[in-house]
1. Quick check on my link table: of Lys117/Lys220; Lys96/Lys342; Lys172/Lys294, which ones sit more than 32 Å apart, alpha carbon to alpha carbon?
2. Using a 1.4 Å probe and counting only protein heavy atoms, arrange Arg277, Arg225, Arg216, Arg98 so the residue with the most accessible area comes first.
3. Obtain the nm distance between the two label points defined at Lys248 and Arg353 by a simple spin-label model: each point lies 7 Å from its Cα along the Cα-to-C-beta direction.
4. Between Glu325 and Arg292, what length in nm is gained on full extension when 0.36 nm per residue of separation is reduced by their alpha carbon distance?
5. In terms of solvent-accessible area of protein heavy atoms at a 1.4 angstrom probe, what is the ranking of Lys95, Lys158, highest value first?
6. Can you compute the FRET efficiency between Ser124 and Leu75 using 1/(1 + (r/R0)^6), with r the Cβ-Cβ distance and R0 = 30 Å? Round to the nearest 0.05.
7. Anything over 26 Å Cα to Cα? Flag those among Lys165/Lys258; Lys248/Lys283; Lys158/Lys186, in the order listed.
8. Could you pull out every residue, at least 5 positions away or on a different chain, whose amide H is within less than 5 Å of the one on Phe188? Hs are placed 1.01 Å off N in the peptide plane, and Pro or chain starts have none.
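The values are calculated or read from the model by the stated rules, or taken from the named source; none is laboratory data. The shown structure was predicted, so the numbers you read here are calculated from the model rather than taken from an experiment. Here the Cβ is made from the backbone with ideal geometry for all residues, glycine too, and neighbour counts use every protein chain on show. These accessible areas exclude ligands, DNA and RNA; they are computed on the full protein's heavy atoms, side chains included. Shrake-Rupley method; radii C 1.70, N 1.55, O 1.52, S 1.80 Å.
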Amino acid sequence: MSSEGHQREDSSNEQSTGPAPPAPTAPMKPNSANGSQQSSNNKTPKPQAKPLLAPRVTQIVKQPQLTQESHESKLDLTKLQLWSWNVNGIRAILKKSRIQEFFETAQPTVLAVQESKIDDERMSAERLKDNFPPSYLQYWNCCKPPIKGYAGTIIFSKLKPVDVKFDIGVHKHDKEGRTITLEYEKFFLVGVYVPNSGATLKWQEYRTNEWDLDFRAYLKGLERRGKPVILCGDMNVAHQDIDIFDPKRNEKMACFTKEERQSFSNFTKMGFVDTFRELYPGKIKYSFWDIRDKSRKENKGWRLDYFLVSKGMLNAVVDAEIHNEFWGSDHCPVSLTIDVTKIDLKEFRESLRLAELDDQLREGTESGEQLDMDDPLNDGRKSDLEEDDDDEDENGVKYHMDDDEGEGDEEGSQENPEENEG
């Protein structure tokens, strides 16, 4: 507000401290003879006495502050709602009030966010955390300096985790804030923003031969700690023909190449289940649209956002959905509802042990479902998670940056798998 506005506001709020003015006299009627005004009885009324006002008492009522434990006690563990949303810039979606509306409407237990496009310095300076409901714990993994306004993930959770881990422990992958892992009592939740291959596919080899390989090894390492894994986020791939509007036209586009789809298949062949496709094998629904045209209105989209779970907890899955009713980004949210009470850790660990024994027994045989041999998971190179933890970045390992680098937190600027058409 301008200074002039402040002055007007101050003057309108001024109060007189002198005695009360006399009460107004009765209206005077004009005298028909000389036009002068006289009272009907020629008497001046006495000023009324100033009424005595009782002092105003303001009662301050302190609202009880709910602790994290009290929030958790209200959660229905038989219908725990986990959500994921690529917001294409946390500042942009806050300005449009879309994410505030989402929290009020969806009331998620957990929300995993991708593409926050913010760095720690700006996030703190603008006090962005203050914009979200106080009932949620917040975990922000921002891009690391000197990168600004790029990638990034956030998790909001009403349920307090046992432990929190940022990134996957491989230096060349951990500069852009792409993963957050929350360990809960009965499961791990991993929020991820998978690297895009880029309009010219120049990052496809990095994505399929390095990132995917190390990320799968990280997920299997979590399972070996004795708890199932729930993976959610923007996986930047439309896995099957049913997951994209025009598969024939887009078969050479980023997010739908043969290499990317084969690499994603190896997540499922290693025991991670695509929950939406498991529940709805023939349902056509998308989670991403190009906002430069009318693709969302015409429903010409891609399914790039997923909830994958360890096969050993599939019995706990209640529902999985894609929520086209929410706007504010080029993606829409996806959700998973689980019954935590059905997760039996002893049974999960036993199933994991038996699966590993089965893998050992059929190793080198033709029986059983085999991983794609074109996928780097089956070549001689080990995952970087199994190698010495050296600072490989200093020794010439290429550093990944998508084609759409930069702040890009305005609505028209986002990663787009169709941008190399024509």
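1. Those over the limit are Lys96/Lys342; Lys172/Lys294.
2. Details: Arg277 25, Arg225 135, Arg216 0, Arg98 95 Å².
Sorted descending by solvent-accessible area, the residues read Arg225, Arg98, Arg277, Arg216.
3. My value for the distance between the label points is 5.3 nm.
4. Working: separation 33, 0.36 × 33 = 11.88 nm, distance 1.92 nm.
My answer for the length gained is 10.0 nm.
5. Numbers: Lys95 130, Lys158 35 Å².
Result of the area sort, largest leading: Lys95, Lys158.
6. The value I calculate is 0.50.
7. Long pairs (Cα-Cα over 26 Å): Lys165/Lys258.
8. Placed amide hydrogens put Val229, Ile230 under 5 Å from Phe188.
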